Amino acid sequence: MGRMESFAENLRSVCAEYGSIAQVCREIGINRQQFNRYLNGGGMPSAHNLRRIARHFDLTEADLFSSHEEFTRRHIFSQKRTASGPVDLMTGPFRDQTETLRRYLGFYHSHFQTPTWDGMILRSLIWLYEKDGYVMSRSVERVVAEDGSVNQKSRYEGMVSQRGNRVFVVEHEMVRDGSIVETILTPSHRQQVKFLRGMTIGVAWRPHVSPYASRAIWKRIESRVSLREALQACGAFSSQSRNIDPTVRAFLGEQQDQLPSRASRHVLS
């Protein structure tokens, strides 16, 4: 069996472990028609695409060209290799995501609910941007209670990855012993992204160190809106406030019948 045939058979084998072919193509950022040629032995990837494919499946390029018998023995029936260290283990899923997530770059208002602001919708500012081959996030929360009892100002930074049909945002608060927040969103399959819907998990300010989970919905901020205006629009709002988009109110309102407690949280820096 030639190198092309071995490559195609090995690629088909490893793809079988990762759900649909369309999902694999989205995660790698390769055209589906082009990827099908690789699977059918009708063509070979460029050096750049070969590197991306190998990285995605945590393989070496040589692995993909080994005999299928050797490939099966080492990678299907044997234990999967682990990352070379703790840093690689955590950053690996976020590497080479710029092509996949490029259309999501920009500014958003994130909406969620937390025990700190019981019964209200918290709006924060989020920026997704590209840096050194990663898609990064910055989040800012700025809310002050009318009676001054709560003055919440938080900044978070994190990384973003699309795995399967979900976008994962993992952030940490930029203070000593700050909390870690995870938001999982459903990607938009439309060309124009207006809303991203999902769930966020974090720790509320009040009650102190109280974990919570809540629905979260992001609304893309229009380019005509300045960053200053977007930041000034952040805060805590009544669930019936006309300052909240009806789509946001409807989505967050549905969680009351599905979650045991009213909670949610997400932030930006």
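The values are calculated or read from the model by the stated rules, or taken from the named source; none is laboratory data. Fair warning: this is a prediction, and the values are worked out from it, not measured in the lab. Reconstructed Cβ throughout: ideal geometry from the backbone, glycine too, with neighbour counts over all protein chains shown. Calculation scope for accessible area: heavy atoms of the full protein, side chains included, ligands and nucleic acids excluded. Shrake-Rupley method; radii C 1.70, N 1.55, O 1.52, S 1.80 Å.
The single residue among E130, E141 that is surrounded by fewer than 23 Cβ atoms within 10 Å (Cβ to Cβ), at pLDDT 85 or above and part of a strand (DSSP E or B) turns out to be E130.
Residue-by-condition table, conditions (1) open to solvent by 60 Å² or more (accessible area, probe 1.4 Å); (2) modelled with pLDDT of 90 or more; (3) under 17 Å from A250 (Cβ atoms):
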| residue | (1), (2), (3) |
| --- | --- |
| H189 | yes, no, no |
| V193 | no, yes, no |
| T200 | no, yes, no |
| V209 | yes, no, no |
| R215 | no, yes, yes |
| W218 | no, yes, yes |
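So, in the stretch 27-56, how many residues would count as being assigned to a loop (DSSP other than H, G, I, E, B) and crowded, with 18+ Cβ neighbours inside 10 Å?
Restricting attention to the stretch 27-56, the residues satisfying the condition of being assigned to a loop (DSSP other than H, G, I, E, B) are 29-31, 40-46.
Now restrict to residues that are crowded, with 18+ Cβ neighbours inside 10 Å: 30, 45.
So the answer is 2.
Scanning the stretch 238-269 for residues that are open to solvent by less than 30 Å² (accessible area, probe 1.4 Å), modelled with pLDDT of 90 or more and over 18 Å from Y212 (Cβ atoms) yields S241, I244, V248. Among the residues of the stretch 100-123, those that are assigned to a helix (DSSP H, G or I) and exposed (fewer than 14 other Cβ atoms within 10 Å of the Cβ) comprise R102, R103.
Can you list the strands (runs of 3 or more DSSP E) found entirely within the stretch 171-241 that contain at least 3 residues being over 23 Å from M159 (Cα atoms)?
Correct list: 235-238.
For the subset of the stretch 220-229 comprising residues that are among the basic types (K, R) and closer than 23 Å to Q191 by Cα, which member is modelled with the lowest pLDDT? In this case the residue turns out to be R224. Residues in the stretch 1-26 that are open to solvent by 20 Å² or more (accessible area, probe 1.4 Å) and under 23 Å from G92 (Cα atoms): R12, S13, A16, E17, Y18, G19, S20, I21, A22, Q23, R26.
Between F107, F94, which is at pLDDT 95 or above and either among the hydrophobic types (A, V, I, L, M, F, W, C) or over 23 Å from E157 (Cα atoms) (or both)?
Details: F94 fails: at pLDDT 95 or above.
Going through F107, F94 in turn, the sole match is F107.
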